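The values are calculated or read from the model by the stated rules, or taken from the named source; none is laboratory data. As the structure is a computational prediction, the values presented were derived from the model and not from experiment. Backbone-built Cβ (ideal geometry, glycine too); neighbour counts: all protein chains shown. Ligands, DNA and RNA are stripped out before the accessible areas are found, and what is left, the full protein with its side chains, is counted by its heavy atoms. Shrake-Rupley method; radii C 1.70, N 1.55, O 1.52, S 1.80 Å.
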Amino acid sequence: MGVVAVMEFYVSFVLFFSREAERLTIQRATGSTKKEVQQKVVNFAYIPLVISAALCTLGYYGVKDSSVLQTGFLLPVRPIAFLLLFVLIASELAIEPLYALNQYDLNFKVRSTIESTAVFVKCLVTFVGVRLVKYYGTKNSSGWAVLSFLAGQLGYALVNVVGYLYHFKFRIPKVTKIQQKENAFFFDPVLKKLYYTLSFQMLFKLVLTEGDKIMMGYLFDVSQQGTYAVITNYGSIIARLIFLPVEEMLRNLFTRVFAAEKPDARPAYATMGNLLTFYVYFSILLVLGGYFNGSFLLSILLGRSAAWRDSDLFSLFPRYILYLPFMAFNGILEAFQTSILTQSQITKYSYFMFFLTIVSSAVLVLLVREQQFGLTGLIIANITSMTLRIAYCLKSYIGFAKKQGIHLHEINIVRRTSWSVVYSIFAYFLQVQIIGPKSTSFKHFVISGAICFSCLVVFVFSERKLIEDQVLTKMRRNRGMKTKEH
């Protein structure tokens, strides 16, 4: 798993630094016609593919001499492994213009269909590959298992390629010079300046986002790296399936709203109020359900082999679950902040990220090297980083509300969730009294599930007015559509 963790970091490094700044930049594209805006989006969307060659080379020289990649079983298949890495990265970045156009159209249904199919194919290819390796019992089974993982990643990339090509009827947009009054350019000067600023910020965001993987090689041995890779792969499933799509949808939506000449911020703040409230409820269920039952469910998935028993895997997994709510709140608040910041404010945030990188690294080294906290220290350092980012984003969120004349007490989340939180605290102590600090049997799991369900009922009751309004609104829309059809 340590080898796979390094491979995953390599892919994350190249993809993140290639396209993250571009994706944030094109959300602010404007123009006199839709065609002009789309062309600006397409032109910028080709940048990731161009710069990926340099990033692939830089990333390769950064990881090729690491002790993990010098492992005996990997050396015979290492050239094939890196070939697969290069192909899958190129495949993902080659369809970036189509992805960008789809995001510009806010067509989330197409994206979710393609990506869910891609995830299924990735899992299937990886599973079949590993099973074949075990069935044929090759001499270098571990090396071929790594290739199976990379083949799954390549399957994910190719499904994305085929999916977006099919959606756009195999028409690939080209880079074209844009004529605007007397000026002609490939890249909008305003967007280009913003792109440089965001690229600078992404350097620090990459360290904060992937910093745990960067520090793994320096602070932890291969077995600990493997343990953390398993924890993050299973623990971040919720983040990939729920948090990330919501964040990207908000970022696209709010950027459009605030790019208007006279933006109305009230609907945006109402949406954020509802989402933050939902995240409070969801975080409570994560703690009550995930923290208590995480180890038990993971033991069912992985089994209790000697290799896992001797590691900290089952004790660390619940602690990682406690980190997920911080990740969730930071995600939506940062998505909102990205859509409202001016260029000078983005630069200021970049400096804050630089400061945060130093603080996070210092906390990590202190906890791991000095206090001997091990992987728990890594989780605490991540929580510290996320907490400071949330605080900065909340400052921007509240400050922008004041400028827009919005009174946040009208959407007071604390008052709105107070009774639900009180009941959840009662449910927590009830769960501790009945099943102890964590579930150890299916009976405990069922009891915990029942307590979590009771919390869900309380949450729904607390939000009954909002739910009723949403149901009535949908019913009216359906009636209106039927009336038009007749």
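Just a few scattered comments:
- Among the conditions (1) surrounded by 17 or more Cβ atoms within 10 Å (Cβ to Cβ); (2) within 22 Å of GLN224 (Cβ to Cβ); (3) of a type in the set (A, V, I, L, M, F, W, C), the only one that LEU286 does not satisfy is (2).
- Residues that are assigned to a loop (DSSP other than H, G, I, E, B) and within 17 Å of ARG171 (Cα to Cα), drawn from region 95-115: ILE95, ASP105
- Any hit, region 261-280, residues being small (Gly, Ala, Ser), open to solvent by 20 Å² or more (accessible area, probe 1.4 Å) and within 23 Å of SER339 (Cβ to Cβ): yes
- Scoring ALA81 on the criteria (1) open to solvent by 60 Å² or more (accessible area, probe 1.4 Å); (2) modelled with pLDDT of 70 or more; (3) more than 30 Å from PHE170 (Cβ to Cβ); (4) touching a helix residue (DSSP H, G or I) at 6+ places or on another chain (Cβ under 7 Å) leaves a single failure, condition (1).
- Here LYS402 meets each of (1) open to solvent by less than 40 Å² (accessible area, probe 1.4 Å); (2) among the charged types (D, E, K, R); (3) farther than 24 Å from LEU322 by Cβ with one exception, condition (1).
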